[in-house]
Amino acid sequence: FAIGMRADNSFGWSGQADEVAFYPDALTADQVSSHYSAGIGASPATPYEAVVTADHPLAFWRLNEAAFTAPVAVNSGSLGAPANGSYRGGASDASEAPRSPAFTGFEDDNTSLNLDGTSGFVGTALSLLNSRPAFTISGWVRRGGDQVYCGQNTNSHKPGQGVKR
């Protein structure tokens, strides 16, 4: 499993990613909407991290570590340390990320993962996608000027769905 390019080093993209969560089943549209609302709501009743972890992701990489000094992308999901990722290639920390006050569910000092489009990614040795009839991946992505909160529900049989901001 890799964030930023395929695990075989193909299909890299440049931009930023943050708060990537992997769920063992498809989340409902209401759950994905709840995640989005907690990130951008004026006064979310529950912080974004708490909304994400309440849905029991196997893996949840906040990507707040400084990739230059911390080679481990810490997993906050239920699989714990065995699902930690590692920063590879041109992956580095970025100053841009969803933050308060624009994204009130996030911390004021939240950072994201910066991807160079050629060699940077975060990878884990776990085969999270194998043998799963349904799963959900959610997170924050910025490519170019658009910010997108994305959530993929594999039961929908539709391409990835996102909300542009």
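The values are calculated or read from the model by the stated rules, or taken from the named source; none is laboratory data. This one's a predicted model, so the numbers in the text were calculated from it and none came from an experiment. For neighbour counting, all protein chains shown are included, and Cβ atoms are generated from backbone atoms with ideal geometry for every residue, glycine included. Accessible surface is based on the protein model in full, side chains and every heavy atom, while ligands, DNA and RNA are left aside. Shrake-Rupley method; radii C 1.70, N 1.55, O 1.52, S 1.80 Å.
Can you find a residue that is touching a Pro at 6+ places or on another chain (Cβ under 9 Å), modelled with pLDDT of 85 or more and more than 14 Å from Ala2 (Cα to Cα) anywhere in the stretch 78-98? Checked the stretch 78-98: at least one residue is touching a Pro at 6+ places or on another chain (Cβ under 9 Å), modelled with pLDDT of 85 or more and more than 14 Å from Ala2 (Cα to Cα).
Per-residue answers, yes or no, for (1) open to solvent by 50 Å² or more (accessible area, probe 1.4 Å); (2) in a strand (DSSP E or B); (3) modelled with pLDDT of 80 or more:
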{"residue": "Ser100", "(1), (2), (3)": "no, no, yes"}
{"residue": "Phe106", "(1), (2), (3)": "no, no, yes"}
{"residue": "Asn110", "(1), (2), (3)": "no, no, yes"}
{"residue": "Leu113", "(1), (2), (3)": "no, yes, yes"}
{"residue": "Leu128", "(1), (2), (3)": "no, no, no"}
{"residue": "Tyr149", "(1), (2), (3)": "no, yes, no"}
{"residue": "Gln152", "(1), (2), (3)": "no, yes, no"}
{"residue": "Asn155", "(1), (2), (3)": "yes, no, no"}
{"residue": "Pro159", "(1), (2), (3)": "yes, no, no"}
